[in-house]
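J.: One structure, pasted below without further comment.
The values are calculated or read from the model by the stated rules, or taken from the named source; none is laboratory data. It should be emphasised that the depicted structure is a prediction, and the values quoted were computed from it without experimental measurement. Using ideal geometry, Cβ is built from the backbone for each residue, glycine included, and neighbour counts are taken over all protein chains shown. The protein model used for the area step is the full one, side chains on, heavy atoms only, and it has no ligands, DNA or RNA in it. Shrake-Rupley method; radii C 1.70, N 1.55, O 1.52, S 1.80 Å.
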Amino acid sequence: MNRPWLVALSLAPLLGASQTLVQAASMALLSVVAILVHRGLMTPLRGRLGGSAAELANLLLAAAVVTCQTLALQAWALELRQALGIYPELLAISCLLFEQGLAPATRWRRVALLLGGYCALFLLLGVSRELLANGTLHFSFAGGSEMTGLRLASLAPGALLLLGLLLALIKRACPKQATPDREGNR
C-alpha cells in the first residue's frame, strides 16, 4: 500500500469530526480503541502470514474492528453516531496506517506515545475550532446552532488551516535540532 496516500486519507477523520470538543474526544477514544484492538488482533497473525495474505488480513481485520465499533455506536449512542457522520468508518485507514507505518517489532510504548499525540491533536483541534466558531464550549454532540464567531473554523477547510497553524505553533514551542542531511544543505 502507498503510505503517503494513507497519511493523507487519515486526516479526514481528524479534520471532519473535530467541530466540537465532544466530537473530538469521541473520535479520539474511538481511534485509540480501534487501533489498539486492531494491533492486538494482528499480533498473532504477523508471524503466520506473509506478503499479500498479511495485507489482506490486515485490511479485513481493520474493516471488521471499525464496523463493530460503528454498529455499537449506532446501537448505544445514536445521537453521537449521527453527529460524527461517516468519519468513524474512516478510522480503518488509521488502523492500516499504524500497521504499515510501525514495524511489527515496535514496542507498545511507541504506539502509546503516537496515539497520545494523535489524541492530543484531536482534542486541541476540537477545542480550538469550537472556541473560534462559537466563542464558548458546548458539551453536546452537535455543534452549536448559533455561530457567533469565525464561521470558517467550523468548516473542514478552516480545520485544515487551523491544523497547520497548531502544528506550526507546536513546532515553534518544541524545536528540535535538525540533522545536516535534513536541512537541505549538502
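J.: Looking only at region 78-108, filter to residues that are assigned to a loop (DSSP other than H, G, I, E, B) and either β-branched (Val, Ile, Thr) or out of contact with any Leu (no Cβ under 9 Å at 6 or more places or on another chain) (or both); which one of those is farthest from ARG46 (Cα to Cα)?
T.: It comes out as GLY85.
J.: Given the criterion under 26 Å from LEU125 (Cα atoms), in a helix (DSSP H, G or I) and not aromatic (Phe, Trp, Tyr), identify the matching residue among ALA53, ALA72.
T.: So the residue among ALA53, ALA72 that is under 26 Å from LEU125 (Cα atoms), in a helix (DSSP H, G or I) and not aromatic (Phe, Trp, Tyr) is ALA72.
J.: Tell me, yes or no, whether region 17-31 has at least one residue that is modelled with pLDDT under 90, among the hydrophobic types (A, V, I, L, M, F, W, C) and open to solvent by 50 Å² or more (accessible area, probe 1.4 Å).
T.: No: region 17-31 contains no residue that is modelled with pLDDT under 90, among the hydrophobic types (A, V, I, L, M, F, W, C) and open to solvent by 50 Å² or more (accessible area, probe 1.4 Å).
J.: Now, a different point. Restricting the search to region 30-48, which residues are farther than 20 Å from GLN74 by Cβ and of a type in the set (Val, Ile, Thr)?
T.: ILE35, THR43
J.: Any chance you could count how many residues in region 30-59 are of a type in the set (Lys, Arg) and free of Cβ contacts under 8 Å to residues at least 60 places away in the same chain?
T.: 2
J.: Right, another one. Quick check, is LEU123 over 30 Å from LEU56 (Cα atoms), in a helix (DSSP H, G or I) and modelled with pLDDT of 75 or more?
T.: Yes; evaluated as a whole, the condition is true for this residue.
J.: Hey, another quick one. Quick test for you: out of ALA120, ALA92, pick the one residue that is within 13 Å of the chain's Cα centre (by Cα) and open to solvent by less than 30 Å² (accessible area, probe 1.4 Å).
T.: It is ALA92.
J.: Another question, if that's okay. LEU152: modelled with pLDDT of 80 or more, out of contact with any Cys (no Cβ under 8 Å at 6 or more places or on another chain) and assigned to a helix (DSSP H, G or I), yes or no?
T.: Here the answer is no, as LEU152 does not meet what is asked.
J.: Further, regarding this structure: LEU61 - would you say it is open to solvent by less than 30 Å² (accessible area, probe 1.4 Å) and either acidic (Asp, Glu) or at pLDDT 90 or above (or both)?
T.: Here the answer is no, as LEU61 does not meet what is asked.
J.: Quick check: is even one residue across region 42-56 surrounded by fewer than 16 Cβ atoms within 10 Å (Cβ to Cβ), out of contact with any Leu (no Cβ under 6 Å at 6 or more places or on another chain), modelled with pLDDT of 90 or more and not small (Gly, Ala, Ser)?
T.: Yes, some residue in region 42-56 is surrounded by fewer than 16 Cβ atoms within 10 Å (Cβ to Cβ), out of contact with any Leu (no Cβ under 6 Å at 6 or more places or on another chain), modelled with pLDDT of 90 or more and not small (Gly, Ala, Ser).
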